[in-house]
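Participant: Before anything else, here's the structure in question.
Taken together, the values in this text are just the output of simple stated rules run on the coordinates, not laboratory data. All of these numbers come straight from a predicted model, not from anything done at the bench. Cβ coordinates were reconstructed from backbone atoms using ideal geometry, including for glycine residues, and neighbour counts include every protein chain displayed.
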4 protein chains.
Amino acid sequence: MREPRPFTAYRLKDLLSDIAEHVRPAFGKGKVADYIPELAKVDASKFGMAVATLDGAEVAVGDADEPFSLQSITKLFALELALNRGGDEIWTRVGKEPSGTPFNHLAILEAERGAPRNPFVNAGALTVTDYLMARVPDVSTLVLEYIRTCAGGITGGLDETVAASEMATAYQNRAIANILRVHNNLTHAPDAVVDAYCRQCAIAATVRDLARAALPLAMDGFSIHSGETVLAQRNVRRVNAVMMTCGMYDSTGSFAYRVGLPAKSGVGGGIVAIAPGQGAIAVWSPELDRAGNSLVGTIALEIFAQNTRWSIL
Amino acid sequence: MREPRPFTAYRLKDLLSDIAEHVRPAFGKGKVADYIPELAKVDASKFGMAVATLDGAEVAVGDADEPFSLQSITKLFALELALNRGGDEIWTRVGKEPSGTPFNHLAILEAERGAPRNPFVNAGALTVTDYLMARVPDVSTLVLEYIRTCAGGITGGLDETVAASEMATAYQNRAIANILRVHNNLTHAPDAVVDAYCRQCAIAATVRDLARAALPLAMDGFSIHSGETVLAQRNVRRVNAVMMTCGMYDSTGSFAYRVGLPAKSGVGGGIVAIAPGQGAIAVWSPELDRAGNSLVGTIALEIFAQNTRWSIL
Amino acid sequence: MREPRPFTAYRLKDLLSDIAEHVRPAFGKGKVADYIPELAKVDASKFGMAVATLDGAEVAVGDADEPFSLQSITKLFALELALNRGGDEIWTRVGKEPSGTPFNHLAILEAERGAPRNPFVNAGALTVTDYLMARVPDVSTLVLEYIRTCAGGITGGLDETVAASEMATAYQNRAIANILRVHNNLTHAPDAVVDAYCRQCAIAATVRDLARAALPLAMDGFSIHSGETVLAQRNVRRVNAVMMTCGMYDSTGSFAYRVGLPAKSGVGGGIVAIAPGQGAIAVWSPELDRAGNSLVGTIALEIFAQNTRWSIL
Amino acid sequence: MREPRPFTAYRLKDLLSDIAEHVRPAFGKGKVADYIPELAKVDASKFGMAVATLDGAEVAVGDADEPFSLQSITKLFALELALNRGGDEIWTRVGKEPSGTPFNHLAILEAERGAPRNPFVNAGALTVTDYLMARVPDVSTLVLEYIRTCAGGITGGLDETVAASEMATAYQNRAIANILRVHNNLTHAPDAVVDAYCRQCAIAATVRDLARAALPLAMDGFSIHSGETVLAQRNVRRVNAVMMTCGMYDSTGSFAYRVGLPAKSGVGGGIVAIAPGQGAIAVWSPELDRAGNSLVGTIALEIFAQNTRWSIL
């Protein structure tokens, strides 16, 4: 019977180096996100990958110490915070089903009367932000501090230039927020929610930071870096479930097919994946495929899952 | 760290008995499928559950020896057969993404020009049937024999009365098949494909049969009952991925949240779930929830996953 | 104040000749319908136009004595017959609003639970056919005889070759009919309704026949050719209203903008337009624009309306 | 043959009085618009009707001297101004087809990539406002002055309280404006366009004002009140065409069926209808039917059209 392979830090390091070599021919086949002007300036040739394991080991390769814009990956931490703050209450306002449409589609939101399909479509993430705004004065700081706690300190921080660039061009999100407001699924002014959300998305971190920050999702919610349980075990399983069925935009099914791990991506080119009971993997490469996921990052995770047998399927 | 619990057959049997007790209050809260007249006649109080494990053990409780109509669960075996026969070729005609809409929605099929989102929506299943029709004269016999092989013999068989009842009322499927034909995604006459599909859906089996037939999906494709590999390992992971992201109609996300196992359900009230490296679980209870999944069956699997820690998330 | 110009038959004849000259450069810019194989064989260079006026005069130009396939234009006469037979009853099953989508769109039909938007989209026309099937054994004969009565005899008839060609390829209409049946908006078997509808569409007539057959719609329902009232005055206004708002597929607004007359087109390249209190105009030219209306026919009617000042807007 | 009846002012006055009597039982069956708080305060029992004819006569009944909020009726005058200012240029940004969906539906706007179906859906009206903003500093003043010119002076004016109330609750329009901006179909900031549009909608006038202001649309564009041509004849026909096919939200077909005149309604309870070559009719009654049109106003126009035979169909 196929079993996950026992991987020492030393062998993982070799694997990451091999991966960095193997993905090289794929550069140039994707497209850096350009709808946020500031993101379009990123060097397309960047590649970093890091793995944090349950024994506290951490291996990394490439541009693993350079912060990049987390973007939609912050939705993952915002969801954890909403569950920490209010338990199942958030599910009265947001569903947990895949949307079956590209990540910013309005039709389904209108058809379902302002009830977002899940917390990882933009409509759902704006609702989560609105939910947190009722509890803290500054959502982006809350999310940043939570990432810092989970990871035991991070290199990155909030990138004000990216935040400003996003706010200036957030027409699609402003449309969504206004639809949510029409259906009374926002308690704050749409513009305020969009601004808070843009700031949250503008958090930057390295793949090392990200792998460490996500590690509790592979460990029943315990953070070895902060020495505390940051998320209840039942919520860990649920967050992983949402990632597994909704985490990769309209390529969630293909990603499960190729990689077989719960994961969340962002248009900054980052992906974080969870191998329950094994570890957390973060990868960064700015070029995106047509679904909006890191093209090289997905290939890297596919090779990683094949070699480690950490796939859960 | 949370680990799957080692379960002897003896303790599993106790767990199934406990579950049969616990689900009792939920009877009467769902609704037996009535759009196929013959299915509406089923006794709503039926409940059977069976688990087949890697060591060949098998435990069962309740109406575990009574055949029921597999319906959409046959889509799982038809997909395995399509992969066995043609490898990745089927993916040129069917996607692998969740549909985000109820299981028989036409709009998305029209919008995506006859390309079904995945093999488990009816449009996709009809396409798989059409694909198999080009290879064998009788798809329902092929599927039935494959189930028999995987399970090492089954109690059930093709229920001609159910098949006739379905064919007589298959207006929705005939609409779908004609749309597929408009977009040249069927090679046979729409009516012939619908008839073949209705016969395939009318295969009946017990939960014992079903758990054994699905066990190879928990064992890298090896059937301990037939002594052979019935599905290549890479295809096992892929079938599990499609189940994980598309297997439970428009409750796939909720099911992952509550149970955390790849699974496929049918409107006959059956669900089969896979715990990779552990075993296969089949449950049958005819009352359905609003998404069309067995209401009591889902609760039973939720309790099962909590107690065994076989959830993969 | 602009008034309709008094037109003698002599001057109308000159106008039609001028029009035939003016439209010449537009040939070759459209596309003959090819989804019905038999229709694709039509000579694209055909052009005929006829006007029937209240005083019984009739002028024509070009291929005015050659029958062509009326196709969707028969929906007009079928609607008249449904109103004649059951008054307002048909409106309990079909709406009277423009559909806002191409003429064979399924999504809106599904969203509105099998209630067709109007009698001129295919779903509505199939419902009208089904409605007439409950009253007569052979709908196509009924429609043909009604056209003959209104026109005082016609040159054309039912083209069995076209009918057979349509039935063989009517996948889209079979899809629609099955959706209607799912929502209990058909009382006959979907296939029988589609076959009856295909036969109805295969009626052929000349532009002379067509202008005469439609003349009662310009004369409060009186047919000068049969000497009887064929449609009650209130229904005349209502049929004209449906033509005005729904008669030209998804170019109904543009046609009102350019021509300003109630009209109905068919994919055979025919258009019939009504100038209440003045006359009826029929034109035929097989090449279609992107909306499925005769490209040259529309231009011809535009010139006609400008010169006669018969536009009602 | 049915002909429009010659109506002296004296007989029209009697007809209006009869209508005011006849519509009485219909009060209480509709619902005053409540989505704009300030509009919800209107006295539901108000009823006024006025007719302006080509000879300069004007008759009125009921609350004909009380200004009411024109709302979407201003879209008519804004369209006239856009045509006056830029000719056909506006049609490169807005279509002329009926939308087939309720008046503020977003799905179709998204599906058609930010191209509004016509100038009378909110998306189209916002685009027209944006178009005028590029030409004048204050669109609402431009529209108000145009109405004043056409009518030869009006009683009403811009209601700042209503304008403020609309701006405060314009979430749906802000969503639409942001979608338009995403697709580069707005040249100004979405919020600025929405604010300008809300001010335009807040123009108030009496039914007398409104009938006079619309009279040029029945007279080839000539205003007898200002003594000048306010709209080119070809644009008159085109504006009437857009009213005929798109003027009454999702009841445009039913309205053509019942009344048979080009018309435009507003959620303030006003409707203005054009009888080309005869006159203009304005009616006001705040209770709306389910499509958002004045319920009593529609009945009044139906009786009016039947008695005058001014219907154009």
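Participant: At a Cα cut-off below 16 Å, give the lysines reachable from B:K41, other chains included and same-chain residues fewer than 8 away excluded.
Facilitator: Straight-line reach from B:K41, under 16 Å: B:K31.
Participant: Looking at the calculated P(r) for the stretch C:103-224, what percent of the C-alpha pair distances fall above 18 Å? Don't jump to the answer; show the numbers that get you there.
Facilitator: Numbers: 4100 of 7381 pairs.
That fraction is 56 percent.
Participant: Output the Kirkwood hydrodynamic radius of the stretch B:38-124, Cα pairs only, in Å rounded to one decimal.
Facilitator: Values: mean 1/r = 0.0630 Å⁻¹.
By the Kirkwood definition, the hydrodynamic radius is 15.9 Å.
Participant: Any of A:K96/B:K96; C:K75/D:K264; A:K13/A:K75 with alpha carbons more than 26 Å apart? Name them for me. If you can, show how the numbers build up before the last one.
Facilitator: Values: A:K96/B:K96 19 Å; C:K75/D:K264 29 Å; A:K13/A:K75 29 Å.
Beyond 26 Å: C:K75/D:K264; A:K13/A:K75.
Participant: Still on this model: Measuring from a point 7 Å out along Cα→Cβ, what nm distances, shortest first, does D:E3 have to its partners in the other copies?
Facilitator: Copy-to-copy label distances for D:E3: 1.0, 10.2, 10.2 nm.
Participant: Follow-up question, since we're still on this one. Grab the residue from chain C whose Cβ hugs the C-to-A rotation axis most tightly, plus its distance in whole angstrom.
Facilitator: C:A111, 4
Participant: Compute from the Cα atoms of the protein assembly as shown the Rg and the Dmax, the latter being the longest Cα-Cα distance, and quote both in angstrom.
Facilitator: Over the protein assembly as shown's Cα set, Rg and Dmax evaluate to 33.6, 102 Å.
Participant: Would you order C:L79, A:L158, C:L142 from fewest to most other beta-carbon atoms within 10 Å of each residue's own beta-carbon? Can you show the working numbers first?
Facilitator: Details: C:L79 27, A:L158 16, C:L142 20.
Ranking C:L79, A:L158, C:L142 by Cβ neighbours within 10 Å, fewest first, gives A:L158, C:L142, C:L79.
Participant: What are the nm distances, shortest first, from D:K31 to its equivalents in the other copies, labels at 7 Å along Cα→Cβ?
Facilitator: Label point to label point, same position, other copies: 2.5, 4.4, 4.5 nm.
Participant: Counting other beta carbons within 10 Å of each residue's own, what order do B:T141, C:T149, A:T53, A:T127 fall into, fewest first? Kindly include the intermediate steps, with their values, before the conclusion.
Facilitator: Working: B:T141 14, C:T149 17, A:T53 22, A:T127 27.
Placing the least packed residue first, the sequence is B:T141, C:T149, A:T53, A:T127.
Participant: Relative contact order (percent) for the stretch B:9-308, with alpha-carbon contacts under 8 angstrom and 6 or more residues of separation? Walk me through the numbers before you get to the answer.
Facilitator: Details: 633 pairs, mean separation 81.8, N = 300.
Relative contact order, the stretch B:9-308: 27 percent.
Participant: For the stretch B:172-227, what value does the Rg/Rh ratio take when both radii are computed over Cα atoms and Rh is the Kirkwood radius, given to two decimals? Could the numbers behind the result be given before it?
Facilitator: Details: Rg = 16.5 Å, Rh = 13.7 Å.
Reported Rg/Rh (Cα atoms, Kirkwood Rh): 1.20.
Participant: Rounded to two decimals, what is the ratio between the C-alpha radius of gyration of the stretch D:99-168 and 2.2 N^0.38 Å?
Facilitator: Working: Rg = 14.8 Å, N = 70, 2.2 N^0.38 = 11.1 Å.
That works out to 1.34 for the stretch D:99-168.
Participant: Between A:A44 and B:E21, what is the spin-label point distance in nm, taking each point 7 Å from the Cα along the Cα→C-beta axis?
Facilitator: Placing both labels 7 Å along Cα→Cβ, they lie 6.5 nm apart.
Participant: A further question on this structure: B:K29: which lysines have alpha carbons under 17 Å from its alpha carbon, excluding same-chain residues fewer than 8 sequence positions away?
Facilitator: B:K46
Participant: Next question, about the same structure. How many nanometers, to one decimal and shortest first, lie between the label point of B:R113 and those of its other copies, if labels sit 7 Å from Cα toward Cβ?
Facilitator: 1.4, 3.4, 3.6
Participant: Here is a further query. Compute the FRET efficiency between B:R309 and B:T229 as 1/(1 + (r/R0)^6), taking r as their Cβ-Cβ distance and R0 = 35 Å, and round to the nearest 0.05. Please list the in-between numbers first.
Facilitator: Values: r = 28 Å, r/R0 = 0.80.
Once rounded, the FRET efficiency stands at 0.80.
Participant: State the volume of the convex hull built on the alpha-carbon positions of chain C, expressed per residue in Å³ and rounded to an integer. Numbers along the way, then the final one.
Facilitator: Numbers: hull volume 35.5 nm³, N = 313.
Normalising the Cα hull of chain C by residue number yields 113 Å³.
Participant: Going by C-beta contacts inside 10 Å, put A:D289, C:D43, A:D130 in order with the fewest on the left. Don't skip to the answer; put the middle values down first.
Facilitator: Working: A:D289 19, C:D43 9, A:D130 25.
Fewest to most other Cβ atoms nearby, the residues stand as C:D43, A:D289, A:D130.
Participant: Could you give the distance between the Cα centres of the stretch D:103-178 and the stretch B:149-216, to the whole Å?
Facilitator: The stretch D:103-178 and the stretch B:149-216 have Cα centres separated by 54 Å.
Participant: Using a Gaussian network model on chain D with a 10 Å cutoff between Cα atoms, which of D:N185, D:N240, D:N84 fluctuates the most?
Facilitator: D:N84
Participant: So what are the stretch A:170-313's ellipsoid semi-axes, whole angstrom, largest first, if each one is the square root of 5 times an eigenvalue of the alpha-carbon gyration tensor?
Facilitator: Details: eigenvalues 152, 75, 43 Å².
The equivalent ellipsoid of the stretch A:170-313 has semi-axes of 28, 19, 15 Å.
Participant: Would you look at the GNM of chain B, springs on alpha carbons closer than 10 Å, and say which of B:F68, B:F27, B:F120 moves the most?
Facilitator: Of B:F68, B:F27, B:F120, the most mobile in the Gaussian network model is B:F27.
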